[in-house]
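Okay, structure first, notes after.
FYI, it's all coordinate maths here, none of it is from the lab. Just so you know, these numbers come straight off a predicted model, no measurement behind them. Note that we place each Cβ from the backbone using ideal geometry, even for glycine, and neighbour counts take in every protein chain shown.
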Amino acid sequence: MLTNYIKIAFRNLLRNKSYAFINIAGLSLGLTCAMLIFALVRYHFSIDKHHSKYENTYRIVSEFVSREGGENFHSPGVPYPLGKAVLTDFPNIENLSMTELAEDYFEAIPSANGEDKKFKETGEGAFVEPSFFKIFDYEWIQGGFEELKNPNTVVISEKNALKYFSTTDVIGKIIKHDGRLNLKIVGVFKDYKDNTDFAYEVMPSYASLKEYYGSINDNFGSTNSSTRCVVSLNEKFTKANWDKLMPAFVKKYRPDEAKYIHYVMQPLKEIHFSEDYGGINKNLILSLFAIGIFLIITASINFVNLATAQALKRSKEVGVRKVLGSSKAQLFWQFMAETAMITITSLLISIVLFQFGEKIAREYLDGAFRFTFYFDASVILYVVLIILAVIVLSGAYPALVLAGFQPVMALKGKISTQQVGGFSVRRSLVVVQFAISQMLIIGMAVVTSQLSYFQNKDLGFKKESILTISLPFMSKQDVVKMNTFKNLASAVPDVEKISFSMSGPPQSGWVNSTSLRFDNRGEDEKWSTHVKSIDANYLDLYGIKLVAGRNLYPSDSIREVVVNEAFAKKLNFKDPAKIIGKKIEARGRKVEIVGVVKDFHQQSLSQTIEPLYMTTLATNYYSVNVKLRSANFQKVIKTLEKSFNQVYPESYFNHQFVDEAIQAAYQEEETMGKLINFFALVAILIGCLGLYGLVSFMAAQKTKEIGIRKVLGASIGNILMMFGKEFAQLIIIAFVIAAPAAWWIMNAWLQNYEYRISIGAGIFLLSIATTILIASITVGYRSVRASLANPVKSLRTE
Amino acid sequence: MLKITDLEKIYRTEDIETVALNKLSLEVKKGEFVAIMGPSGCGKSTLLNIIGMLDDAEKGSFMFNGEEIIHFNERRRADLRKRNIGFVFQSFNLIDELTVYENVELPLLYLGVDAAERKQKVEAVLEKVQIMHRRNHFPQQLSGGQQQRCAVARAVVNTPKLILADEPTGNLDSTNGNEVMQLLTELNEAGTTVIMVTHSEHDARFAHRIIRLLDGKVVMENILG
Ligand SMILES: Nc1ncnc2c1ncn2[C@@H]1O[C@H](COP(=O)(O)OP(=O)(O)OP(=O)(O)O)[C@@H](O)[C@H]1O
Ligand SMILES: [Mg+2]
């Protein structure tokens, strides 16, 4: 029996090639994209789950309670001495490791000829304590972690061992972290699948940190977001214990600020999506997931529409089978089997397509986030579930309709469109498709405009043709060397301007904030202010405008400050000029405010412009900002590199263009935007395919009606109206559903961004216009052909 | 074999009611060959469909092999049908996507006959109707006569006790028509009960008995010698 079903299904597909094509193409496309999306979503939801202590691992993070009842400030970091204090006070904590994140570092490998081979690392590294490896699971290829308790030791990944030494036999070999910290390799661990937020490739011992930094701010007063603390707990000391004891702990170590600081135990499973602490925006991932579901729904709707539309053609078969003794159930399962066959064919195609898609995605998304698909039992289960869902979603309804045909009527060919589920069912399905398409179009329009808004928004400073070069990271910058480099760089013909600053461009991820004592007030303000160390050329180089007062005078130490408008506003100076001459306390010194600069975005556009003051302090500069004349950038960079290596032979020439760096900061958004756009387009395309199929069917159905109408004098225009009116109605109904839903969702999405577009009528007009355009193109061709058909011919066939 | 008493069938559309069968009574004995005749619209097909359990009646009684089946649900009717009844239609009603062989095999599949027995039965019946050489052709590749012979083969492949034929020669020329009538006669002689609807007096003469309908009622019976 089954072979008979398969035979007939197969022959049917061959006979109706265009239907088969639309169904299979739509379904495979939908399944491929859905599988890619689900793999991505799964990746994000499987982060770090493979660690055996996943459920019991926590990160201690800092939450600074706003003194004015505003938003709290969050940092994934903790004060340097926190780890020791926690262990002393709570000896029952199972394991605790302090970690110090290393980004933007390089390793120098001493070679026989005396010159170091330098490897710039793009991934993350971290200084860790041995207990780190009791919390997280690592597999060791060589050595182990025990010796990491000693200073000047390091463990590295297999990949990096091979990169540095072309072998994993590297125990005892020396690498120089950032070219200056000697580390002996004591362990090589197996590369992890990169579904982890702790993908550190190089892990020097935490005990080496003092030597690396020269000195360490060993008090509870400052919190660096790179200094972190992870713990694993057991029943001897639980999170509940911590929550109870933490306030007293804070009181003990920060008596003055006990009310304003919380050290929170953040479960490992919450880390990946904790946006407050630098995690991924879960909503973006969920939006993608929703699109994945939409893709499947749209493809299934195509299926239902085409299958029910086609049902008429199969009515004779149904009739005959019933006459020959087939039961309703047998027919139902026969048509389900057909659906299953088409679905499984599509699945096989999409598994092949998936391989390509995965490759493309990996290349395309590289750098945006770490991104791995991998197949295991649960993925297969997932795919099976999707397939079953598709088969049931798309097969059940048409199969029920077909199996329910009354045999006498079916044989007489008297089954009408009404009986085939009624046109109303298909209509509502088309409405659903249109609604999905319009929501996606609105979504795409909003995401795209928001991203281009980011791209084009005036940040308040210039970013073109400006190069930043990192100076070596040490506790106090060597001013003499800096000036040597400055002189060498200024001599390069295409260098127009040069300036030093702490954190490079005006907008960067590196933000320092501090409490503020203003004027002669007896106590600190209740808010904290951002601080930047810049030299006197900085404002000019970045084109930051002064609205009052003057620029800083050149100096190597703290002499005076300029503030931004937000700073003046926060202190209730309506006229920024009035604040000139007032004093603030900066790093223990009372200095005068000499200028007010126009607000610029010192942080990402997802944040408001905070109060800021800027002052000169040469020992605190870690970046060189170089404005280039438009010329051969590559040549200039080469020359600068030479000069840099001359002055800092032990360091690494790390450079970046400001506009590129700023763009990179929005890479996650941008990639997500691109993904959303791409998959949304696919969903719309699949919808179009289905629409085309449906219209073809309608045209075939209405051939006789059209013929009669034409004989009775209807014009081609009249006939086109017949199709047009139908679909116009559906589009409008869909719009009424889609518009508010999309508005609500996208508005919620935009709330993530402090600076955002507003969703205007334009976007909705665009969406409905696009839908009408797409629909008329899809419907148009078919209906024009139908309307042009010779009525004599179409009537004769009846 | 079957006994129908006071059978009523009314078709209702929005505004009109058509009485297709009006208190019709009829009895057919095992091994009979009965022809049903009457003007167009008198309810012949309706009657045949009810006898074939493809349709149900409003009122009345329908005894099949001594069992009242008027209240049977679709599943039980399908079951009864596939074991006992073979159909031949005016428009052949072969499935276009299946070959001659596969079309004929279909009733056996629904009966769950095993493959070897299927092969043997299908080949035997194809031989009998003389389209064995066309076994792998699709219906569209056959002449009308061949298609109808294929349909007859399909109707009898599971050796039903009753064959229902609705104008089996209606779409055929006289030569092909006679061949089909010959087949039906042979089947009847082999013991199968045949009920045939026809407009042709010539074809009706193959039967033992002619029942004439008018407006959903039996108006006359002729017993042929
Ligand atoms: N599905 C239906 N809905 C409404 N009326 C119907 C339906 N089927 C048949 N009829 C009506 O029932 C009556 C009997 O129809 P039936 O098909 O049994 O006639 P017939 O004797 O087979 O005619 P013909 O010789 O033309 O095939 C007719 O008046 C017909 O119009
Ligand atoms: Mg009839």
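Worth a mention:
- Counting Cβ atoms of other protein chains within 10 Å of each residue's Cβ and taking the mean over peptide B:48-61 gives 2.
- Available extension along the chain between A:Ser222 and A:Ser378 is 51.7 nm, counting 0.36 nm per residue and deducting the alpha carbon span.
- Relative contact order of segment A:66-175, defined on C-alpha pairs under 8 angstrom at six or more residues apart (%): 21
- Here is the list for segment B:37-137: GluC sites (Glu not before Pro) lying in DSSP coil, each with at most 14 other C-beta atoms within 10 angstrom of its C-beta, are B:Glu58.
- Think of it as helices only: each DSSP H run of n ≥ 4 in chain A is worth -39500 (n - 2.57), and spread over all residues that comes to -16500 deg cm²/dmol at 222 nm.
- Sites A:Phe119 and A:Glu270 - FRET efficiency at Förster radius 22 Å, r taken between beta-carbons, to 0.05: 0.05
- Cα gyration tensor category, rounded, prolate or oblate, for chain A with a/c compared to 1.5: prolate
- Placing R0 at 56 angstrom, the Cβ-Cβ distance between B:Glu186 and A:Asn747 gives a FRET efficiency of 0.10 after rounding to 0.05.
- Span-like helix check, chain A: qualifying full DSSP H segments, with Cα axial length of 24 Å or more and mean Kyte-Doolittle of 1.6 or more, are A:377-403.
- Charges were assigned to the Cβ only: +1 to each Lys and Arg, -1 to each Asp and Glu. The resulting dipole of the protein assembly as shown about its Cα centre is roughly 1740 debye.
- GNM result for chain B, Cα springs below 10 Å: residue of B:Asn73, B:Asn158, B:Asn93 fluctuating most strongly: B:Asn73
- Going from the fewest other Cβ atoms within 10 Å to the most, the residues A:Lys545, A:Lys412 appear in the order A:Lys545, A:Lys412.
- For segment A:688-798: rounded, prolate or oblate by the Cα gyration tensor [a/c cutoff 1.5]: prolate
- Relative contact order for segment B:118-225: 20 percent, from Cα pairs under 8 Å spaced at least 6 residues apart, divided by residue count.
- Euclidean distance of C-alpha centroids, segment B:149-221 and segment A:69-127, integer Å: 94
- Here segment A:244-276 is scanned for amide nitrogen atoms under 17 Å from the site 7 Å beyond the Cα of A:Glu585 along Cα-to-Cβ, giving A:256-257.
- Rounded to 10°, Cα long-axis angle of helix B:74-84 versus longest principal axis of chain B: 60
- Extending 7 Å from the Cα toward the beta-carbon at both A:Asn645 and A:Ile777 defines two label points whose distance is 5.3 nm.
- For chain B, the mean residue ellipticity at 222 nm estimated from helices alone is -10500 deg cm²/dmol, where every DSSP H run of n ≥ 4 contributes -39500 (n - 2.57) and the total is divided by all residues, rounded to the nearest 500.
- Note on chain B: dipole from Cβ charges, positive end direction compared against B:Val152, B:Leu108, B:Val19; the farthest Cα belongs to B:Leu108.
- Loop-located trypsin sites (Lys or Arg not before Pro) in segment A:212-312, at most 12 other Cβ atoms within 10 Å (DSSP): A:Lys236, A:Lys259
- Since only A:Val78, A:Tyr164, A:Tyr192 are under comparison, the one whose Cα sits farthest along the positive direction of the charge dipole of segment A:54-271, derived from C-beta charges on Lys, Arg, Asp and Glu, is A:Val78.
- Our estimate of slack between A:Arg521 and A:Tyr453, defined as 0.36 nm per intervening residue step minus the Cα-Cα distance, is 20.4 nm.
- Partner shielding of A:325-332 amounts to 5, given as the average count of beta-carbon atoms from other chains within 10 Å of each residue beta-carbon.
- Listed residue (A:Ser643, A:Phe303, A:Leu353) projecting farthest to the positive dipole end of the protein assembly as shown, Cβ model: A:Phe303
- Annotation note: chymotrypsin sites (Phe, Trp or Tyr not before Pro) in segment A:483-581 located in DSSP loop regions with a Cβ neighbour count of at most 16 within 10 Å are A:Trp510, A:Trp527.
- Shape class for segment A:542-676: oblate, because the ratio a/c of the largest to smallest gyration tensor axis (alpha-carbon atoms, square roots of eigenvalues) is 1.5 or more and b/c is at least a/b.
- Taking the square roots of 5 times each eigenvalue of the Cα gyration tensor of chain B, largest first, gives ellipsoid semi-axes of 29, 20, 17 Å.
- Computed over segment A:54-271, relative contact order equals 35 percent, with contacts defined as Cα pairs under 8 Å that lie 6+ residues apart.
- About its Cα centre, segment B:21-147 has a charge dipole of approximately 220 debye under the convention of +1 per Lys or Arg Cβ and -1 per Asp or Glu Cβ, with nothing else charged.
- Likely footprinting exposure, B:Cys42, A:Cys229, fewest C-beta neighbours within 10 Å first: B:Cys42, A:Cys229
- Remark: segment A:124-137, residue by residue, has Karplus-estimated 3J(HN,Hα) of 9, x, 7, 7, 9, 9, x, 5, 3, 7, 8, 8, 9, 8 Hz, where x stands for each Gly or Pro and the curve is 6.51 cos²θ - 1.76 cosθ + 1.60 at θ = phi - 60°.
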